[in-house]
Structures are given as structure tokens and as C-alpha cells.
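A quick write-up on the structure given underneath.
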């Protein structure tokens with residue numbers, strides 16, 4: 001004789017995760033209960049509400065901070081960094097001890113964005129940005145290179161200028177109002 005598995009519970013008897021809206025409603029009802037609710041629970045609800053308000057304020061300030069950071073990088077520089085991010089090439093940085101560090105396009109673009117946020121205030125034009133930030137390392141002043149699929153390496157600045165020249169439209173010179 002074979003045993004059969006017990007039938008599963010009906011759908012109405014299964015536990016479901018409560019939605020955030022349902023939880024908020026339950027908390028509001030419990031908080032409105034007033035004297036029926038003990039002081040510890042009321043304190044817990046008040047603290048939870050305060051934490052939620054603080055999280056929302058932090059989100060708003062994070063959005064404002066991010067917008068301010070993005071405004072630091074001018075549109076032509078941002079377009080050049082986007083070109084680097086979209087490329088499939090490897091980018092090479094020569095360290096002070098002669099070792100070579102390879103970056104993907106995404107990683108190299110992130111590094112250039114970080115350098116631009118920290119050091120690039122007031123550098124609105126691409127040639128000035130390449131002279132000060134994009135073309136060479138900060139400490140050693142050594143040029144960056146682009147490693148092509150055939151194994152050759154060319155100067156990053158030369159590669160970027162050639163890629164920009166090959167674009168069907170020019171990069172934006174200034175941000176339009």
C-alpha cells in the first residue's frame with residue numbers, strides 16, 4: 001500500500017506577506033487605540049515613525065547631493081567619459097613602480113568621474129580637462145594608454161580625440177539653459 005501526501009492547505013489558510021500599506025494601516029489603527037495600547041508599544045511606533053521620516057529626509061538630501069555632484073562635470077567632459085564607458089577596450093595606467101594596471105571601460109570611466117568631481121571644478125572645456133585630469137595620472141603625471149584588440153597601445157588622449165572626431169555630431173560645448 002502506498003502512502004499519499006497530505007493535501008495542501010487551502011489558499012485562504014496559507015500565510016501571505018503583508019503589504020507595506022496594510023502594515024501602515026495596522027500600525028495606524030493600533031496607534032489610534034490610545035489607552036488600550038501600552039506605553040512601550042506607543043513608544044516603539046513613535047520611534048519607527050521618526051526613523052521613517054529621517055530616512056525620507058536623507059533620500060531627499062542624497063538626491064540633491066548627487067545633482068550637485070553631477071553639475072560639477074561639464075557636458076563635454078561627461079560626453080567624453082560616456083564614450084570611454086561605452087568602449088570595449090582596456091585602459092592602462094602605469095604606476096610609479098612601473099607596474100601596469102588595466103581597467104575596463106566602465107571602471108576607467110568611473111575613475112575619471114571621481115577624479116573630475118574631486119579635481120575638475122571649473123574645467124569646462126575638454127582640452128583643459130585632458131591636460132589637467134583625463135590625460136595623465138594625478139601623482140606621477142604618467143599618461144594613460146588604450147590597449148587595442150591587436151595588442152597595440154596608444155595614448156589615451158590621442159585615442160579619445162580620434163573617437164570624438166569620428167562621432168557624427170560634435171560634443172556639446174556648454175550646457176544649454
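Every read-out reported here was derived from the displayed coordinates using simple, explicitly stated rules and does not represent laboratory data. For clarity, every value in this text was computed on a predicted model and none was experimentally measured. Using ideal geometry, Cβ is built from the backbone for each residue, glycine included, and neighbour counts are taken over all protein chains shown.
Projected area of region 74-166, taken from the Cα convex hull and averaged over every viewing direction, in nm²?
Details: hull surface 22.6 nm².
The directionally averaged projection comes out at 5.6 nm².
By per-residue mean of other Cβ atoms within 10 Å, what is the highest-first order of 121-127, 135-141, 77-83? Don't jump to the answer; show the numbers that get you there.
Working: 121-127: 14.6, 135-141: 12.9, 77-83: 19.0.
Ranking, from highest mean packing down: 77-83, 121-127, 135-141.
When the label point is put 7 Å from the Cα of residue 152 along its Cα-to-beta-carbon vector, which residues of region 82-112 have a backbone N closer than 18 Å?
In region 82-112, the label zone of residue 152 (backbone N under 18 Å from the point 7 Å along Cα→Cβ) covers 88-92.
Using packing as a proxy for protection, rank 146-157, 94-105, 50-61 so that the peptide with the highest average count of other Cβ atoms within 10 Å comes first. Numbers along the way, then the final one.
Details: 146-157: 13.6, 94-105: 12.1, 50-61: 10.1.
Final packing ranking: 146-157, 94-105, 50-61.
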